[in-house]
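The values are calculated or read from the model by the stated rules, or taken from the named source; none is laboratory data. These numbers come from a predicted model, not from an experiment. Cβ sites come from the backbone with ideal geometry, for glycine too, and all protein chains shown count toward neighbours.
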Amino acid sequence: MTMHHATTEIPLHPAAATLARGDGSNPVRIVVATDFSQASSRAMQWTEAIASGRSAEVTVVHAIDPTPLGRSPEAEGLLVRRAEERVVASCSSLAMHGVRVAAHCAIGRPWSVVRDAIDQTGADLVIVGNRGLSPIKRTLLGSNADRVLRTAQCPALVVHAMDMQPERLRVLIATDFSIDAEEAISAFRRVFVRSAIRLELRVVHVTIPPEALANIDTPLLEGPDWPSIESDATESVARVAEEFRAHGIETSYAVVRGSAARIILAESRTWRADLLVMGRHGQTGFERFLMGSTAERVLHGAMCAVFTAQKTEVPARTGVKKALIA
């Protein structure tokens with residue numbers, strides 16, 4: 001639970017005032033978490049690229065881990081003020097580019113502080129850095145990025161320390177045609193297609209290879225019509241690609257047999273993707289039983305930034321302390 005917090009709106013540079021007017025549309029509301037690491041520095045750069053040249057409102061959030069030394073009100077206030085100075089300084093580039101930005105610092109667990117900020121701002125997107133904990137450490141200790149993804153309803157962008165934001169963003173969209181995948185594509189369109197970022201896209205769907213089911217005694221899966229299944233899948237990914245081509249974006253597509261997570265990760269590396277887009281929960285049911293959680297495996301194995309979203313509801317939290325100043 002957050003114990004002490006402060007929020008400061010960053011004044012725009014006079015030369016950037018006209019840029020802040022945006023394009024007349026509803027502003028995209030972004031929460032970006034920073035711990036002053038290289039990964040969070042990259043997250044700030046991606047935030048600037050997404051927010052610049054459009055109507056946008058950014059809240060930069062920093063959490064101060066509670067410690068025995070910081071339990072008095074005086075100590076809490078001092079910790080928050082010092083952190084706030086660093087966060088405000090990190091926001092200067094956003095303000096210079098005409099982005100309306102506020103710095104928010106709070107004492108509390110990082111994932112909880114970020115989640116509070118998402119709830120209070122009604123964020124359309126949260127951007128977090130991934131420090132790349134090893135699988136064992138992640139299992140034992142958890143990850144702030146993982147906790148944010150599991151508890152936040154809004155779309156999320158996870159950025160690694162080496163994830164540059166290039167002039168032309170190569171984006172791999174992985175879809176299993178689930179409601180979460182559809183929501184991820186829709187959210188990506190709202191966030192990125194309306195930005196000033198140049199895009200090149202590839203849409204991929206992975207089907208289960210027939211041999212994966214050969215030794216499974218399941219009547220429901222006897223004699224599947226694989227040519228028909230793959231033909232329908234090809235038509236579906238082609239429709240997704242055509243929707244992006246209608247926006248003037250170069251888009252290719254493919255249907256590939258294999259293990260979903262393995263194929264998606266291989267495609268992202270072979271195609272040199274800068275960003276991978278997929279539903280947060282991935283496929284469910286029997287396919288998930290065979291392959292595990294595709295979305296989770298991809299998120300932990302990706303060598304590029306990952307954008308995820310979901311349609312399914314996240315369980316509501318109770319007793320959440322209001323974190324931001326209205």
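Overview of values
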{"item": "Filtered residue count, region 148-180, keeping only those that are closer than 13 Å to ILE118 by Cβ and small (Gly, Ala, Ser)", "result": "2"}
{"item": "Neighbours by Cβ (under 6 Å, 6+ apart or cross-chain): first from region 52-66, in a loop (DSSP other than H, G, I, E, B); second buried (at least 18 other Cβ atoms within 10 Å of the Cβ)", "result": "SER52/HIS97; ARG54/GLY22; SER55/GLY22; PRO66/ILE107"}
{"item": "Some residue of region 87-96 being of a type in the set (A, V, I, L, M), over 25 Å from ALA305 (Cβ atoms) and at pLDDT below 85", "result": "no"}
{"item": "Of all residues making up region 293-319, the number that are at pLDDT below 90 and surrounded by 14 or more Cβ atoms within 10 Å (Cβ to Cβ)", "result": "12"}
{"item": "Verdict on ARG272 being modelled with pLDDT of 80 or more, among the charged types (D, E, K, R), exposed (fewer than 14 other Cβ atoms within 10 Å of the Cβ) and farther than 19 Å from PRO155 by Cβ", "result": "yes"}
{"item": "Residue check, SER92 among the small types (Gly, Ala, Ser), farther than 24 Å from GLU48 by Cα and either over 22 Å from the mean Cα position of the chain (by Cα) or surrounded by 23 or more Cβ atoms within 10 Å (Cβ to Cβ) (or both)", "result": "no"}
{"item": "Filtered residues of region 42-54 (kept if modelled with pLDDT of 90 or more and polar (S, T, N, Q))", "result": "GLN45, THR47"}
